[in-house]
Each structure stands twice: as C-alpha cells, then as structure tokens.
C-alpha cells in the first residue's frame, strides 16, 4: 500500500494540472474595450483610409513609414494571457536558422485553439471593416521565441494571399536596450528599403499589426539581452493582395578584363609553395573533384601582415552597401586605399593571377590555359545558353555567345565585416545566377569564432540543402566554383562578436578581398 500512495498523489496532481490547463483554455479571450467600441472602429477606418494618425486609449494608429496599429492590453483578462504565456513556454520549440533569421518556433494546434475566437473571429471582422476588405477565415499563426543573438532581418512579408501581419507580445518588462524591437523602414522611389525610422519596443499583451504591401519593410532587431525571452504569437490575416509594382532589378556590377601585370607580381606577393607547378597540379586535381579549395598561408607572411595593418588605417573611406533586404556591410573606396592594399587589389586583378587561377582550377581564365576539355566546355556553354533563354541577366555571356574565345573578366571589392553585417538570398540574385569562380581572402580574423557569424554559406537554389560553409580564416584563400543553381550568403554577424566578456565594449571586425571571375 505504501508504494501506491505516491502514485495516487502524483495522478491527482497531474489531473489537477490538466484541469487547470483545460479551464485556462476554455476561458473566453475577451478583447480590450477600444476594439469593441463602434465609434472607435469608424474613426480607425477613416484614419486608415486617409493615411492619418489616430489615438484612443490603448489603441494607436500611425501611418509613417507605412500604416501600422498598436493595441495595448489587447486581451482584457490578465489571467488568460498569463496562462497562455505559461503554456506556450512549455511547448517544444524548434530552432530555425537561415540567411534571413535565427530564432525558435513552434506551430501548435493549441495556439490556434486559444486564439481562434479572439483573433480569427471578432477581431478579424473588426479588421476587415476597418480595411474595407473581406478577410478569409484562414488561420496562419505560430509562436516564436527570440533569445540572445536571435534576429529576423529586413523583409516585407510578401507572399500571395497575405494581407495583414500581426504580432501579439508575451514578454517580460522590456527596454529598447534589450534589442528585439520591431523596426520599420522607409523606402525609395524603387520601393527598396532605406533606413529605420521607427522602432517598436515589445510590450506585454500588446498587439501590433500592419498591412502587407510593397513598402512594409521591417525587421526584428537582434535580441541583446542574455536573460530575457521575447515570446510572441504572430501570423497573417489573408485576403486579396495589394497590387505590387514590377520587381526592382539592380544594375549589374561592372566587370573588367585583367590588368596587364606580369609574373613578377606573383613572385613578390605569393607563398612560393603555390607557384610550384607540381603543387598547382595537385591543387587542380583536388579542385576539380570538389569544386572548392582553401589555400592556407597564401600570401607571403610579410605582405599579409603589411596589408592587415593598413586595412585598419583611418584614411580608408568605407561606405555601407545595401539595400538592407539584400545586404548590409561596408565596402572600401578604391581611391582611398593605402598603397599596399591597392597593390594587393592589383594582384588579384592581374593577368598573371588570372593564369594562376586557371592553373589552380582548370577554368579558362587565360588564353594560355591548357585546352584539353575545350570541346566539352563549348558544348556545356551552348547548353547553358539554351537554358538561359532570351534574358537571364547574363548579358555578357549572351552577347558573346558566338564570339569564341570569350574574354575572361572579374569584379571585386574590399569589404569590412562587423556587428550587424550580412548578405541575404534574393530573387534577383537567383534569376541572374551564372557559372562563376568566387574568391575570398580574409584579413584580421584571428580569434574569430564561428558563433559570431560572418561565415559564407553556399546553398542549392530553392532548397534548404547546405552545400558548403566557408569560415573566415587569416590568409586563407578560398576558391569556390558555383553553377547557376548555387547561391551564397554571409551569415549575420551577431552581438557575440563585439566583446570578449560581458563588461567589455571592444568591437571586433574583419576584412576581406572578394572577387568573382567569369570565363
């Protein structure tokens, strides 16, 4: 009998917990008074249609930079909200991470069950009347948990059928210094995001909603607090999509043929090991097998040290490169580079280096490159042209399809990576993807750790498959040959990169030369 008593008590406790959960779920989620008032609804409807601001009690509508509404104390019962938060935190969250975001998420029937009546019942009707559209009863809701270094970068939520986005915050007391703000962007005449003009700090039981449109660019800034959890329910109300303008196409970066520099430049700069013909043959064999290679200690040590020190000089003019829905990092103005940095740039752009790359990879980047597979290469290029059709953005290849041999070209930049830097995958990049050889040569990344971000991911287009990861490593030349189905991005550099300890404000950064070569 003694052995059964604890089991009975345990069963009783479990039944009590289940009963409490059931009662918390069955409690009606009454909305705040502002949403229930007919007069307020008409006022919000008028303000929204005229793109004017409006405030009444816990409800506030602002139309800059795009219409969004904030409703504090959205659910009137604090007990209901507290129970909701508690039960959500007990769910099994799954980590989500790609070029755009890093956080934990769960899709749960429970989320839908407890919020259906409130969000997708009365409030959906209220919102439909405010917007003057019929919103579908489609349920699209999930729970997200953002913790230290989690982030959702700049995007516009565009997807067929999405009409209104919403977020219900279930957070502890929160300040802007904790990060995790909902940042809203202005846009330019091409409907591209420019700068953050408003940041909404998460607040307990507060609902934020906005209309999904060509200008609704926003982000969840990186969570900086190491001991707080940014919990929220979010999703979309579905309805007829707003008309969207034609997709903006960025101008292509100018490509140039090699600079007329001879092999003395290689002898001056490059580790003699990599100038040995027999070793180059080994490198080519390995590269042809895997389409990528990293050549450690590539530059002579004294040259690498000289360039590393020069990259820190204040004379270099750095410009942030955007737009933020595609990239965010700094690029150096070439005319401001110190002499040794400029000389390194010339090395990577030189005729001798084009020939060296040909020897490393077997690609036809120089007319002296062995032409053993020329016939096969020509057939492959013909096949590529047929697949490309009339306009794939590969204008250089298309215009020279009948002019053989084509002139190898390259483009490149000197980049600086620091906290907040990243690049994203985007439709324009996928549409214009070409066969190309990527080169990255990093500087100043001693002590850089993978958990900081800043590494380059190669992925298969329209798939989640990770093909290759390149981590920044001092004086290690990375070469990657990619086809038209391979895309790349640089993972967001997070807050862990800014200090060695919690009380340090030392900011870390690293640099690289990034070139792309085309046959």
Sites residue 318 and residue 469 - FRET efficiency at Förster radius 30 Å, r taken between beta-carbons, to 0.05: 0.70
With only alpha-carbon pairs counted, each pair once and no self-pairs, how large is the Kirkwood hydrodynamic radius of the stretch 190-256 in angstroms? 16.0 Å
Would you mind listing how long the stretch 262-341 runs along its three principal axes, going by Cα atoms, in whole Å with the largest first? 42, 32, 21
For the stretch 187-317, report the % of Cα-Cα distances exceeding 19 Å. 77 percent
State, as an integer percentage, the relative contact order of the stretch 402-486 based on alpha-carbon contacts under 8 Å between residues 6 or more apart. 36 percent
Bin by bin, in steps of 5 Å, what percent of the Cα pairs in the stretch 113-155 do you find, going until the bin that has the longest distance? 5, 17, 20, 16, 11, 18, 9, 3
Cα-projected label distance for residue 262 with residue 276, points at 7 Å along beta-carbon direction, nm: 2.6 nm
Would you kindly compute the Cα radius of gyration of the stretch 110-198 and its largest Cα-Cα separation (Dmax), both in Å? 15.8, 43
Jot down the per residue volume, in cubic angstrom and as a whole number, of the convex hull over the alpha-carbon atoms of the stretch 23-238. 123 Å³
Relative contact order for the stretch 23-238: what is it in percent, counting Cα pairs under 8 Å that are at least 6 residues apart? 25 percent
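Since every read-out is calculated from the coordinates, none of them should be taken as a lab result. Predicted model only: the values in this text are computed from it and were never measured. Positions of Cβ are generated from backbone atoms using ideal geometry, with glycine treated the same way; all protein chains shown enter the neighbour counts.
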